[in-house]
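See below for the structure under consideration.
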Amino acid sequence: MATTQSAIGRSITRGEGPDKVTGKSIYTADISVPGMLWGRVLRSPYPYARIVSIDTSKALALPGVYAVVTGQDVPETRVGRRMLDMPILAQDVVRFVGEKVAAVAAGSKDICDEALLLIEVEYEELDAVFDAEEAMEPSAPDLHPDMDSYTGLPQPPSGIKNTFAHITWEKGDIEQGFKESDIIFEHSFNAQLMHQAYIEPHACIVDASEGNQVNIWANNKDPYMLRDQVSAAWGVPTENIVLHPTSIGGDFGGKGSFMDVPLCYYLSKYSGRPVKMVMDYIQELMAGNPRHPAVMTIKTGVMKDGTIVARQARAIFDSGAYGAFKPRAYLGGADHLCGVYRMPNARIDSYTVYTNNVPRGHMRSPAKPQVVFAVESHMDMIAAELHMDPYEFRLKNVMREGDASPIGRHWSQIKALDTLEAANKAANVRDARPANTGIGMAMTDLVQGTGQFAAKIGLSDEGKPELHMAFWDTGTGSHTVLRQMVAEELTLNTSDVQIILETTANMPFSAGSGGSRVTLSAGKAVVAAAVDLRQKLVEAASPLLDAPEDQVSLQNGLLMAAGRSVTIAEVLAATGSESLTGEAHQTPEAPDLTSFCTQIAEVHVDPETGEITVKKIISAHDIGAILNPLNHQGQIEGGMIQGLGYALMEELELEDGHISNLSFGDYKIPTSADIPTMETVLIQGDVGPAPYESKGIGESSNIPVAGAIANAVFDAVGVRITDLPVTADKVLSKLQELGNQRK
C-alpha cells in the first residue's frame, strides 16, 4: 500500500499551461489534414419561412467548388443530444434566423464565400412567434407539427401549444398551504438570453473520404456522446467513427453540441475529401446554443413571523426553434425555484417552449442562475414587505440538517446555515456604509453529476506513469487534478505523471465533462486504475525483494520490504510493460449530499446616472478536501466573474428573431476593469463524494451572483430590478419613477 502523500492538496500549476500561453496547444481550427477542403454554410435570413426553391447550379459551376448540398441532398434525419428534433439542413421550412439552408465545400474560404453568394433561395415568409408565452397560446402557429414523433421527447405532449417539456415537482398540499398562510406574495422576473462567450468558436474536421471509416476532430467535450449522435444520424456503426483529441478553448456548457459535425460529414462524402468548418463569431452569436431566457413567477405564503408555509413557482423557458442542443430536453435546474429553504408545501412547474428564435443549449449550471436570481430577489422583496432583515428572514427559513428540500429530497451534511452565517460574518453587514452603497445576499446549492469514465495507466520506458483517457480538458485544469491523483496513489510527484489523450477507438466509453462530475466520476476511475497498477507493482516486486506481497509497500516511488528497495523502472525491466497496466471503468452512484453557497455583494449606485459599481463579492462555500488550492480558487473566482457579467451586462439582444449585437464589440463581457474585490470563505464539510473526500466546485459560484447584486442595488437606492441584466439605464429609469412618485 501507499504510505506517503505526495500530490493531493498542493497548488500544482496546470500541465497544459505553458503550451497554451506559448501558442503550442493544437486546437481544432489549427489542424490540417492532407487534401482538406473548407466548408461554409448559407443561413436563413428569415425567422420562419417556407423554402420554395433552391438553385445551386451557379455555385456548383464555380471553379474550386467540390460540393454543394441542400436539405434535398441529405437524409430527413433529425439530430440532437437527447431530443432529436433538428434537421441537418433545413427541410422545407426554416425556423430561425441563421438556420442552415445549404453548404459548400471548396478549396478555400474565399471560394466558399463566393459560392454561397451564387446560391439562389426563394422563401415564403410565415407568421413567426418570438415570445414563449405567446407561443403557448392556442392561436400561435404550430412550429413543430410532428413533435409527437420526435425521439427523446421527455414525456407525452402536454397539449400546450409548442411546449415539448412540462415538468412538475411538488410536495405537500399547495392549496392548503396558501389557506394556512397569513400573507401571500407574488412576483414575476425575467432572465435574458446569454452566450457562453468562450473565445474559441465551434470548429470541426470530418474525413469520410475513404471506405467506411469516419475520422472526426471537433472541440466537443463529450466525444462519445457526439459519436453516438452522428452514428444515429448517418447510419454509420459507432465502431467506424473515431474522434481524435484536440484542445478546447473554453466551454461553459456550449461545447457539448454537435454543431456542424453532422453536416460536415455529407460535405466530405460528396466531395470525396476531408472538410473543415470553423464558425466565425457572427455565426456563434447568431446561431450558437446560448443560455435560455426565462419568465418566472413565484407565489409564496408566509406567516406573520416570516415562516414560509407554501410556495408555487412557474418558469417558462424559451428554447428557441429546437431542443436538440440540450443534454436532456428539459432544464433540471428549474427544480431550484423554491430555493434552499424549508417549506411544507411546494409546487414547481417548468415549461420548455419552441419559438422562432435561435435554439438554446446549456450554459454553466443550466437554469440555476435564472431561477436563483428570481428566488433570491423574491426573498428580499418578501422581507421588505414584512419589515424583516433579509438575513434574519433567511435564517428563519433556511434548510438545516435533517430537513427535506422544498421538493422532498433528503440530503446529508446540509451546510446551508453554515455558509449563510459565514458570509454574513465576513460581510460585516451591520457596519455603516457610504450613501448609495448597499449589500445583498443570495444562496444556492449544487448537486454533483455522475457518469461513466474509463482510465488506463501504463508505464513509460523510464517507469513513469502514463494516464490514458479519451477525455478532453475544457480549460478547467481537470487533467492536472487527475494526474495528481495518479501521483498520490503511486507516491510520486505530479510532474512524473503524463496524460495520454486517446481517440475514442482506443478506450471504453467515458461521459465527458459537465454537471460538475469530472472530479467525482473521472477521479474515481483514475484512482481505481492507479490502485490496480499499484497492486500489480507490489505483486511484481515481491519476488525481486524476496518478500511476501503483504510486506511490500510503495514509498516515494520505491517498492520496499525488509530494508531493501527497487524502483518502478527496475520492476518494469524485470517484468515487462504489458502486465504492469492499471485499468478501471466505473459509474459512481449519485451522492446523497449537495454543496451550498451563500454570496454577499456590495455595490455603489450613482443616483445621477444609475451606474452600478460592484465593490466586493463574498462567496462562502461548504467544501470537501481541496485537491489543488490554486485550481479550486480559480474555479470559484472564474464563476463569480461570469456571474457578474450575467448580472450587469451580458445579453444577446433580439428583435423579431434577429440578434443585433453580433460581435464582442457589441456583446459586452467583463474585463479586468470590472472585477471587484473577491473574497472566498470556505466551510469544511464532513465527507465529500469524490476521491479523497473532495467535492465539485466548478459551477456553484456563478449561480447566486445576479440575485445578490440585484438585492444590493435595492439596498443601495431602493429600486427593484426584476429583469436581467441590471443595467444603469434600468436603474436610472426606476430612480426617476421613484422621484416622480415622491414629488
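Tabulated results
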quantity: Test result for R311, within 20 Å of the chain's Cα centre (by Cα), on the phi < 0 side of the Ramachandran plot and buried (at least 23 other Cβ atoms within 10 Å of the Cβ); calculated: no
quantity: Selected residue [in a loop (DSSP other than H, G, I, E, B) and over 22 Å from M399 (Cβ atoms)] from E583, E608, E602; calculated: E608
quantity: Flag for A321 being closer than 30 Å to L89 by Cα and either outside the structural domain of T151 (by TED's automatic domain parsing) or surrounded by fewer than 24 Cβ atoms within 10 Å (Cβ to Cβ) (or both); calculated: no
quantity: Unique residue being surrounded by fewer than 22 Cβ atoms within 10 Å (Cβ to Cβ) and either on the phi > 0 side of the Ramachandran plot or assigned to a helix (DSSP H, G or I) (or both) when the list is D729, D686; calculated: D729
quantity: Of all residues making up the range 538-548, the number that are under 13 Å from E570 (Cβ atoms) and either free of Cβ contacts under 8 Å to residues at least 12 places away in the same chain or not in a helix (DSSP H, G or I) (or both); calculated: 1
quantity: Any hit, the range 268-291, residues being crowded, with 24+ Cβ neighbours inside 10 Å, modelled with pLDDT of 95 or more and on the phi > 0 side of the Ramachandran plot; calculated: no
quantity: Conditions (1) closer than 30 Å to P344 by Cα; (2) free of Cβ contacts under 8 Å to residues at least 24 places away in the same chain: number failed by V302; calculated: (2)
quantity: Hey, K299 in the same structural domain as R360 (by TED's automatic domain parsing), surrounded by fewer than 24 Cβ atoms within 10 Å (Cβ to Cβ) and assigned to a strand (DSSP E or B) or not; calculated: yes
quantity: Residue pairs meeting the criteria (Cβ under 7 Å; at least 6 apart or on separate chains; first more than 24 Å from T671 (Cα to Cα), in the range 602-627; second crowded, with 24+ Cβ neighbours inside 10 Å and among the charged types (D, E, K, R)); calculated: D622/K415; I623/K695; G624/K695
quantity: Test: residue in the range 502-522 that is in a helix (DSSP H, G or I), free of Cβ contacts under 8 Å to residues at least 40 places away in the same chain and within 27 Å of the chain's Cα centre (by Cα); calculated: yes
quantity: Top-ranked residue of the range 581-628 - restricted to ones that are hydroxyl-bearing (S, T, Y) and surrounded by fewer than 16 Cβ atoms within 10 Å (Cβ to Cβ), ranked as modelled with the lowest pLDDT; calculated: T587
quantity: Residue within the range 479-490 that is out of contact with any helix residue (DSSP H, G or I) (no Cβ under 7 Å at 6 or more places or on another chain), among the acidic types (D, E) and within 23 Å of L243 (Cβ to Cβ) present; calculated: no
quantity: Residue check, A706 surrounded by fewer than 24 Cβ atoms within 10 Å (Cβ to Cβ), part of a helix (DSSP H, G or I) and outside the structural domain of I199 (by TED's automatic domain parsing); calculated: no
quantity: Qualifying residue in the range 62-76 (condition: within 24 Å of L662 (Cα to Cα) and either out of contact with any strand residue (DSSP E or B) (no Cβ under 7 Å at 6 or more places or on another chain) or part of a strand (DSSP E or B) (or both)); calculated: no
quantity: The range 549-580 - residue that is assigned to a loop (DSSP other than H, G, I, E, B) and not small (G, A, S) and, of those, surrounded by the fewest Cβ atoms within 10 Å (Cβ to Cβ); calculated: E578
quantity: Filtered residue count, the range 654-673, keeping only those that are without any contact (Cβ under 8 Å) to a residue 60 or more places away in the chain and of a type outside the set (V, I, T); calculated: 8
quantity: Residue match in the range 45-65 (condition: within 22 Å of W234 (Cα to Cα) and at pLDDT 95 or above); calculated: no
quantity: Of all residues making up the range 442-499, the number that are among the basic types (K, R) and assigned to a loop (DSSP other than H, G, I, E, B); calculated: 1
quantity: Flag if G98 is in contact with a strand residue (DSSP E or B) (Cβ under 9 Å, 6 or more places away or on another chain), part of a strand (DSSP E or B) and within 17 Å of M279 (Cα to Cα); calculated: no
quantity: Residues located in the range 33-61, provided they are outside any strand (DSSP E or B), over 28 Å from the mean Cα position of the chain (by Cα) and not hydrophobic (A, V, I, L, M, F, W, C); calculated: P34, G35, P45, Y46, Y48, T56, S57, K58
quantity: Test: residue in the range 380-399 that is in a loop (DSSP other than H, G, I, E, B) and either in the same structural domain as E699 (by TED's automatic domain parsing) or buried (at least 22 other Cβ atoms within 10 Å of the Cβ) (or both); calculated: yes
quantity: Top-ranked residue in the range 211-241 [being surrounded by fewer than 19 Cβ atoms within 10 Å (Cβ to Cβ) and within 19 Å of E502 (Cβ to Cβ); ranked as farthest from the chain's Cα centre (by Cα)]; calculated: Q213
quantity: Among the candidates E679, E693, E699, E653, residue that is among the charged types (D, E, K, R) and touching a Phe, Trp or Tyr at 6+ places or on another chain (Cβ under 9 Å); calculated: E653
quantity: Failed condition for L89, given (1) without any contact (Cβ under 8 Å) to a residue 24 or more places away in the chain; (2) assigned to a loop (DSSP other than H, G, I, E, B); (3) not basic (K, R); (4) not assigned by TED's automatic domain parsing to the domain that holds G361; calculated: (1)
quantity: Search result, residues across the range 406-461 that are modelled with pLDDT of 95 or more, more than 24 Å from the chain's Cα centre (by Cα), of a type in the set (D, E, K, R) and closer than 28 Å to I612 by Cα; calculated: E421, K425
quantity: Residue list for the range 302-323, restricted to those being hydroxyl-bearing (S, T, Y) and part of a strand (DSSP E or B); calculated: S319
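Results for (1) assigned to a strand (DSSP E or B); (2) under 30 Å from Q452 (Cβ atoms); (3) free of Cβ contacts under 8 Å to residues at least 24 places away in the same chain; (4) not β-branched (V, I, T), shown as yes or no for each residue.
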| residue | (1), (2), (3), (4) |
| --- | --- |
| V242 | yes, yes, no, no |
| G249 | no, yes, no, yes |
| I282 | no, no, no, no |
| M286 | no, no, no, yes |
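The values are calculated or read from the model by the stated rules, or taken from the named source; none is laboratory data. Computed from a prediction, not measured in an experiment: that's the story for all the values here. Note: ideal-geometry Cβ built from the backbone for every residue, glycine included; neighbour counts use all protein chains shown.
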